[in-house]
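Engineer: Please read through the structure below; I'll follow up with questions.
The values are calculated or read from the model by the stated rules, or taken from the named source; none is laboratory data. Please read these numbers as outputs of a predicted model, since none were measured by experiment. Cβ atoms come from the backbone with ideal geometry, glycine included; neighbour counts cover every protein chain shown.
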């Protein structure tokens with residue numbers, strides 16, 4: 001079941017990338033046959049990648065088959081994939097799924113003390129995208145996470161469904177698209193798990209932006225991601241998002257810190273903040 005869903009995700013991703021490309025860019029002309037859908041045709045991708053049309057069609061259809069590293073790279077070149085998109089393609093093909101969250105929290109008292117004493121907004125997300133730890137500065141600058149019911153304290157829900165988050169983040173659309181692309185890259189590998197499909201279904205039903213962006217199937221990294229926050233007392237605060245994983249040998253957990261952007265005056269404003 002897991003392999004089947006990953007193959008479907010791979011096929012959907014290839015189709016979305018194919019549809020995003022202009023045939024004219026590659027010198028393809030319509031001739032006497034008008035295109036019914038935007039983007040490149042399957043036979044054009046196969047031609048550019050140097051593979052047979054039948055084989056590429058089967059790959060898009062999610063059939064059970066193997067693809068070598070070299071062939072996937074050829075397809076990546078044909079579709080002009082970014083580095084992050086290539087990694088995503090290879091991971092889906094290799095079926096390397098992230099760890100599943102254990103029932104008990106791995107956060108020790110020492111780790112939680114580190115979170116509390118971080119000088120910048122800091123929070124921790126588990127493999128199911130649940131927010132499980134944060135510091136007071138994160139609550140002051142972003143939103144009061146403790147006031148959110150536990151079942152709603154899921155990072156994607158907070159970003160897309162809670163007005164308080166959207167009102168504070170000035171560049172909400174830009175930063176949220178990057179966050180969703182990062183999420184899509186990592187979590188399509190576990191698309192067979194019930195919590196994942198339930199979360200995606202709920203967000204597609206409750207958030208129009210999520211529904212619109214999800215079908216575009218964009219993947220990416222958080223490198224250089226910035227978040228601008230409008231604080232009622234401190235004014236505009238500008239941060240770069242720094243993330244890292246692996247807590248006590250558990251790689252699927254993610255720590256996220258908002259680091260003041262150099263030269264923005266944000267660090268100086270935070271130094272004057274009394275909590």
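Engineer: Just need a number here: residues in segment 210-231 that are crowded, with 18+ Cβ neighbours inside 10 Å and more than 22 Å from residue 120 (Cα to Cα).
Structural biologist: Qualifying residue count, segment 210-231: 6.
Engineer: Among the residues of segment 6-28, which ones are over 14 Å from residue 89 (Cα atoms) and either surrounded by fewer than 17 Cβ atoms within 10 Å (Cβ to Cβ) or modelled with pLDDT under 90 (or both)? Full working, then the answer.
Structural biologist: Going through segment 6-28, the residues over 14 Å from residue 89 (Cα atoms) turn out to be 19-28.
Answer for segment 6-28, where residues must be over 14 Å from residue 89 (Cα atoms) and either surrounded by fewer than 17 Cβ atoms within 10 Å (Cβ to Cβ) or modelled with pLDDT under 90 (or both): 19, 20, 22, 23, 24, 25, 26, 27, 28.
Engineer: Given the options 224, 245, name the one that is on the phi > 0 side of the Ramachandran plot, outside the structural domain of residue 19 (by TED's automatic domain parsing) and not in a helix (DSSP H, G or I).
Structural biologist: Working: 245 fails: on the phi > 0 side of the Ramachandran plot.
Only one candidate qualifies: 224.
Engineer: Continuing with the same structure: I'd like the full set of residues that are in contact with a helix residue (DSSP H, G or I) (Cβ under 9 Å, 6 or more places away or on another chain) and either surrounded by fewer than 16 Cβ atoms within 10 Å (Cβ to Cβ) or closer than 21 Å to residue 177 by Cα (or both), limited to segment 235-251. Outline the logic, then answer.
Structural biologist: Within segment 235-251, the subset in contact with a helix residue (DSSP H, G or I) (Cβ under 9 Å, 6 or more places away or on another chain) is 235-239, 241, 243, 247-248.
Of everything in segment 235-251, those that are in contact with a helix residue (DSSP H, G or I) (Cβ under 9 Å, 6 or more places away or on another chain) and either surrounded by fewer than 16 Cβ atoms within 10 Å (Cβ to Cβ) or closer than 21 Å to residue 177 by Cα (or both) turn out to be 235, 236, 237, 238, 239, 241, 243, 248.
Engineer: Among all residue pairs at least 6 apart or on different chains, which show Cβ distances below 6 Å where the first residue, located in segment 250-275, is over 16 Å from residue 117 (Cα atoms) and not assigned by TED's automatic domain parsing to the domain that holds residue 140 and the second is modelled with pLDDT of 95 or more and in a helix (DSSP H, G or I)?
Structural biologist: Correct list of pairs: empty, since none qualify.
Engineer: Do we find a residue being buried (at least 17 other Cβ atoms within 10 Å of the Cβ) and either part of a helix (DSSP H, G or I) or free of Cβ contacts under 8 Å to residues at least 12 places away in the same chain (or both) anywhere in segment 108-122?
Structural biologist: Among the residues of segment 108-122, at least one is buried (at least 17 other Cβ atoms within 10 Å of the Cβ) and either part of a helix (DSSP H, G or I) or free of Cβ contacts under 8 Å to residues at least 12 places away in the same chain (or both), which makes the answer yes.
Engineer: Let me ask something else. For segment 158-195, name all the residues that are outside any helix (DSSP H, G or I), out of contact with any helix residue (DSSP H, G or I) (no Cβ under 9 Å at 6 or more places or on another chain) and farther than 23 Å from residue 147 by Cβ.
Structural biologist: Initial filter on segment 158-195 (outside any helix (DSSP H, G or I)): 162, 169-171, 191-193.
From what is left, the residues that are out of contact with any helix residue (DSSP H, G or I) (no Cβ under 9 Å at 6 or more places or on another chain) are 170-171.
Listed by number, the list holds a single entry, 171.
Engineer: Could you list all residues from segment 74-90 that are modelled with pLDDT of 85 or more and within 19 Å of residue 8 (Cα to Cα)? Steps first, answer last, please.
Structural biologist: As a first pass, look at segment 74-90 and keep what is modelled with pLDDT of 85 or more: 74-82, 85-86, 88-90.
Passing the criteria: 75, 76, 79, 81, 85, 86, 88, 89, 90.
Engineer: Run residue 217 past the list (1) assigned to a loop (DSSP other than H, G, I, E, B); (2) over 24 Å from residue 116 (Cβ atoms); (3) touching a strand residue (DSSP E or B) at 6+ places or on another chain (Cβ under 8 Å) and report the number of the one that doesn't hold.
Structural biologist: (3)
Engineer: Filter segment 197-209 down to residues that are under 23 Å from residue 17 (Cα atoms) and surrounded by fewer than 18 Cβ atoms within 10 Å (Cβ to Cβ), then give me how many there are.
Structural biologist: 5
Engineer: Going through 50, 31 one at a time, which residue ends up being loosely packed, with under 15 Cβ neighbours inside 10 Å, over 26 Å from residue 181 (Cβ atoms), at pLDDT below 90 and in the same structural domain as residue 90 (by TED's automatic domain parsing)?
Structural biologist: Details: 50 fails: at pLDDT below 90.
Answer to the selection: 31.
Engineer: Another question about this same structure. Any residue at all in segment 229-237 that is under 18 Å from residue 155 (Cβ atoms) and modelled with pLDDT of 95 or more?
Structural biologist: Start the filter on segment 229-237 by keeping residues that are under 18 Å from residue 155 (Cβ atoms), which leaves 229.
Retained after the next criterion (residues that are modelled with pLDDT of 95 or more): 229.
The answer is yes; a qualifying residue exists.
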